[in-house]
Each structure stands twice: as structure tokens, then as C-alpha cells.
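Contents: one structure, followed by commentary.
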Amino acid sequence: MEDHASRARRPLLACFLIGPVAALFLAVPVLAGPGQKPEEEKEAAKVAKKVEKALGRAHQAEEEREALRGFQEEVADYADLHEKKLAKLGLRAPADSLETVAAQKELAHAIAASRAKARLGDIFRPEVQPLFRRLIAEQLKGQDSLAARKAIVEGNPGQDEDSAPIVVHVNAEYPSGAPRSTVPPSVLMTLPPLPASLHYRFVGRDLILVDSVAQLVVDILPAAAPDLAIR
Amino acid sequence: MNHAMISRLLVVLWLALCPGPTAPLGGATTARAPVTRTLTLPGKDGSVRFAVIGDTGRGSREQYEVAKQMAAFHDAFPFDFVIMLGDNIYGSDTPAEMANKFATPYKPLLDAGVVFRASLGNHDNPNQRFYQPFNMGGERYYTFRASKGGIAKVTEGGVRFFALDTDYLDKPQLEWLEKELSSSSSDWKVAFFHHPLYSSGKTHGSALESRAVLEPLFVKYGVSAVFSGHDHIYERIKPQKGGIGYPAPVVRCAKGTSAPRT
């Protein structure tokens, strides 16, 4: 038979039992962390898969290799020119702002003078353009590509609502003071690798090759990206 | 100091160094024997002290006021260096603008010997990596160590910082990061860069593509803390996933809304 004291202890006992369970229940979303934002976590998982796939992508098809051969030769030629001009001007050491700006311009002028006849499509030759557009579209179309599109839009002149449109020209400097689009890893992993002297960037939907030191626009692939609208 | 200013001066923080062998703060994923940690409290000899700023370089009144607050805070809490989270110089970066947006507002700190270490944001000309006072050594991504007695007295262990360029996370950068992280024997590993892997910001939010390639490395190699900018809010992160945090909003500017897009 239960005595009075043990009946009185029952609520206390219940508190001891229920308390930790309730605390655990309440703590789970916090401990789980990403569980606080299940939608974002689902999207993050999709993006991670997509990026992993992009990382493992190799340009194995014969038609891809053939199309890229000419591109890579042009890129290698440009990298040689960049290195030669850089070495000639001796611009490798870190500098203060005055020297940085002067060096950038000096290098840009030297390279531009050597490529005075450069025209749109010299590096993004017509035969490689469909491949680039397809590779980029693979990363920017579909349910799992929202994050990549969003990354490209940010800082992209003319796409980002707070960045004014700019006009770029082959063999002219990237406009001073204009932001640069972020190029998402999945796109970078998919596109043919570049030497350190060159970077891919987007201006609107156009893909540009820009000299990473001279900040010179080396070539432009118009309408490289599909519609970047974020819905 | 108003909310906008708070959002720009993201956090001033201390790190307590561990004199003996330790595990990373968040714990690496690899199994290790439990270790005892002896902490040196902030403000004491041997602690590494630094400030963090991001998205600052407009040459605005607010930037100058924050810089003034930083200098005043430095008098009471002498941090040795400042890490910069990108968008360090918005718009034009002529010599006059570099002075207006960096050298002039931070002159008292620079004069006091405080070292600035920058990472690049989407508004920065990548050539700012050559700008001597940013101490980037001409690299888009780089690493440096800070230890007992300040940044100049590097010894074993200590804290290693990794500055990344999340505007352009290409394969060479990721391979470099993995190599550096895997070979680092520092007690603390701290990464800093522009785009937040986790953010509750309404303007930008989490950079999921960057998270997909960076977070696995941070978890694998026991990165202790990550600092990022881009969203103009102040948000603290609860450590998890082996030390990588998830957002726990604490203070936001403008009553819970993000600052204007950058």
C-alpha cells in the first residue's frame, strides 16, 4: 500500500523523468543545428551533390577534347605573353597603392599593345563556344542550380540590382571600381582550367576572360550563361 | 554606436592560447585521445588578440566613427592585428581613395603598430592583394600564424589563420587549402573570407556552393572558427559539425532586417 509520502513524491518523480525528456526534445533542433532551417539544408544537400559531380567531371569525350585543344593553345599563348611582360616590367613584388595602380596599368598597356589586333572570339573560337555554353548551362539550369545562379548574380554588373551595368571590350581594362561577379565552384570545376594569370568572370550573361593582374579583358563569350533570373 | 556601425565592426574578439598540446576547439573528426586544455584568459600575457572588420571600405562617416571606436578600444584592449573580411575598398581604388577608405581612418591603429590582414570581397579589385598595408603578400589566399606575444613572435602551436578568396574558389585554391590545413600543427585554425557559409541575412544568405567545397575541409581538419562578411548583420555562430557553426542570430541592424545589398 502506497503511503502519503510516496504519493507526494510522485509529481516530483514525474518532473525528474519528464524534465530531461522535454529538455532533450526542445534541445534537438538546436543540437541538430541545420535542422533549424530544413529547407536550406535540403537545398545545401542538393548543391553539395551537384558540386561533387562537377568536381569529378572530366572532359573525356573526343569532341570536347578536340574543341578545347585550340582554346587551351590560345590560353597558353596568352599566359606566355603575360609572363614575359610581367618579367620585363618587374612587377612581382607587393607594392603600396600608388605602385599597384601604376603597375596594373603599365602591364595592361604593354599586353594590349602586343595584342593590338585582338578581336572577340580569338580565344573563345566559334568551334568551342557551344561547348562552353553547354558546360555553363549544365551548372545553371535545374532545381539544384539556384545557389550557383545567385552567386553569379551577386556583384555582377547589370545583374545585381545595386551594381550599375558596365560595358567591356576585348583588350580594354575592366572598368575601374566595378565589382566582380562571384564565379561559383561548380562552374569553375566544370570549365577548362586556366593558368593563374587568367580568370573567368561574368558580366551580365557574358563570360569574360580577364587578366588577373593587368585586369585586362582578354576575350568575351557573349550570352554564355542562360537566364540568370532567380525565382 | 548605431546598429549600422555595429554591423560593420563585426566583432572584436580574443582568443585564448593553449600552452600545451591540445585538440582543435571544435574537435576534429578523427579520433584522438582526450587532452587537457589550459586556457590563457584574454588580456593576459600570452593571449592572441585581434579585431575583425568587414564590408567597411566606403570612406563614410560611419566607417570613420567605427575606426575611432576601434582605436579607443585598442587603448584598453591592445589587439595586435585586424583581419578584414572583404569589400575593403568599395568602388574606386585610386591612391587618394585608398587613403580615404583605409589609410586615413585606421591611421591611429597603423601608427600603433597594428597589422591589417585582408581577404578579398566581390567589391574589391583583386589587385589590392598587392597593396602593402593589407599584408596579403600579393596572394588571393594565404596563411599566417599568430602566437604568444603577438604576431611577430611565432612559436610552435598557436593560432593559424587562413585567408580565402571566396569570389573565385578554383581548384588550385582548394588544393592549397587542403595541403595547408592538413600540414598545420597549430592549436587553433581560423579561416576568414567574404561569403558566409551560413547566414540568416535576407540580402544574401548562406553561400551554399562555397559551403559545399569548404565545410568538408574545415570539418575534416578541425578548423576552430570561421569569420565572414557580405551580409551586413552581426550574427554569432554556435559551433557544431566539428567546430563549424550554425547561425544563432544575436544582434541585427535595423530591427532585424539586413543592411542594403552590397
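Numerical summary
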{"read-out": "Lone qualifier among A:Ser114, A:Ser181, A:Ser186, A:Ser212 - being at the interface with chain B (Cβ under 8 Å from one of its Cβ atoms) and surrounded by fewer than 21 Cβ atoms within 10 Å (Cβ to Cβ)", "value": "A:Ser212"}
{"read-out": "Some residue of region B:148-157 being farther than 23 Å from B:Met98 by Cβ, at pLDDT below 95 and either touching a Lys or Arg at 6+ places or on another chain (Cβ under 7 Å) or at the interface with chain A (Cβ under 8 Å from one of its Cβ atoms) (or both)", "value": "yes"}
{"read-out": "From the options B:Gly86, B:Gly113, residue that is at pLDDT 90 or above, surrounded by 20 or more Cβ atoms within 10 Å (Cβ to Cβ), small (Gly, Ala, Ser) and outside any helix (DSSP H, G or I)", "value": "B:Gly86"}
{"read-out": "Residues of region A:215-231 satisfying the condition of being surrounded by fewer than 19 Cβ atoms within 10 Å (Cβ to Cβ) and charged (D, E, K, R)", "value": "A:Asp227, A:Arg231"}
{"read-out": "Set A:Asp227, A:Asp160, A:Asp219: member being away from chain B (no Cβ under 13 Å) and part of a loop (DSSP other than H, G, I, E, B)", "value": "A:Asp227"}
{"read-out": "Condition check for A:Lys84: part of a loop (DSSP other than H, G, I, E, B), at pLDDT 90 or above and more than 28 Å from A:Met189 (Cβ to Cβ)", "value": "no"}
{"read-out": "Selection count, region B:116-139, where residues are closer than 19 Å to B:Pro196 by Cβ and surrounded by fewer than 22 Cβ atoms within 10 Å (Cβ to Cβ)", "value": "1"}
{"read-out": "Tally of residues being within 14 Å of another protein chain (Cβ to nearest Cβ), crowded, with 19+ Cβ neighbours inside 10 Å and more than 20 Å from A:Met189 (Cβ to Cβ) across region B:182-204", "value": "6"}
{"read-out": "Test: residue in region A:164-187 that is assigned to a helix (DSSP H, G or I), farther than 23 Å from A:Gly70 by Cβ and either touching a residue at least 24 places away in the same chain (Cβ under 8 Å) or in contact with a Pro (Cβ under 7 Å, 6 or more places away or on another chain) (or both)", "value": "yes"}
{"read-out": "Within region B:205-220, tally of residues that are touching a residue at least 24 places away in the same chain (Cβ under 8 Å) and surrounded by fewer than 22 Cβ atoms within 10 Å (Cβ to Cβ)", "value": "5"}
{"read-out": "Unmet requirement for B:Lys179, which otherwise passes all of (1) in contact with a Gly (Cβ under 8 Å, 6 or more places away or on another chain); (2) modelled with pLDDT of 95 or more; (3) more than 11 Å from chain A (Cβ to nearest Cβ)", "value": "(1)"}
{"read-out": "Those residues of region A:105-146 which are outside any helix (DSSP H, G or I), within 19 Å of A:Val210 (Cβ to Cβ), out of contact with any helix residue (DSSP H, G or I) (no Cβ under 6 Å at 6 or more places or on another chain) and not basic (Lys, Arg), in sequence order", "value": "A:Ala116, A:Ala118, A:Leu120, A:Gly121, A:Asp122, A:Phe124"}
{"read-out": "Residue in region A:26-36 that is over 30 Å from A:Leu209 (Cβ atoms), surrounded by fewer than 16 Cβ atoms within 10 Å (Cβ to Cβ) and modelled with pLDDT of 80 or more present", "value": "no"}
{"read-out": "Qualifying residue in region A:41-58 (condition: without any contact (Cβ under 8 Å) to a residue 40 or more places away in the chain, more than 19 Å from the chain's Cα centre (by Cα), within 14 Å of chain B (Cβ to nearest Cβ) and surrounded by 13 or more Cβ atoms within 10 Å (Cβ to Cβ))", "value": "yes"}
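The values are calculated or read from the model by the stated rules, or taken from the named source; none is laboratory data. None of these values were measured; they are calculated from a predicted model. Virtual Cβ from ideal backbone geometry, glycine too; neighbours counted across all protein chains shown.
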